[in-house]
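Below is one structure, written out as structure tokens; comments come after it.
Every read-out reported here was derived from the displayed coordinates using simple, explicitly stated rules and does not represent laboratory data. A quick note: this is a predicted structure, and the numbers were derived from the prediction, not measured. Here the Cβ positions follow ideal geometry from the backbone for every residue, glycine too, while neighbour counts run over all protein chains shown.
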Amino acid sequence: MSDVKNPQTPEEGADEGRRTFLKLAAGAVGACYAGLVGYPVYRYIASPVEDAAAVGAVTEVTLPPEAAATPKNAAFMFKFGTKPAMLIHHDDDTWTALTAVCTHLGCTAGYEPSKKQIFCPCHGGTYDAHTGANVAGPPPKPLDKYKVAMTSGKVVVSRA
């Protein structure tokens, strides 16, 4: 029996290198996973602040002359600040201006003249064309409504 310890064999040194590699690989995968989960959470929390900053600067939009010529039961799409919006000319000769951004996941919604409603094609959400209230589907909130003023052939849309 010998009291001398054997030095590490090459296989034991390779095991240490594999352990280090696996630790680094697991850390990298964990960091990627945290980023994949964390970024949508950040966007969800930060988006109201960014939306308020982007739209807050714009309080009024004067639409081009063709907006006033929109036929009844039709919509005219325009930008209110950086966000898409729509001006709807109803059959009773009233006008409604609403944001065209679905409150579910931010897809652009459009007006369906045949059903006289606003429809989001992403997940089937529907809104009332007069009030912007969410009627069916996953949207959690109504659409933002704007004031509409008709002055000497011009359409002026402002924040409500």
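Assorted remarks:
- Of K72/K115; K79/K115; K83/K115, pairs whose Cα-Cα distance is over 21 Å: K79/K115; K83/K115
- With K and R counted +1 and D and E -1, the other residues having a Cβ less than 10 Å from that of K72 yield a net charge of -3.
- Gyration tensor (alpha-carbon) shape descriptor, the range 60-159, a/c threshold 1.5: prolate
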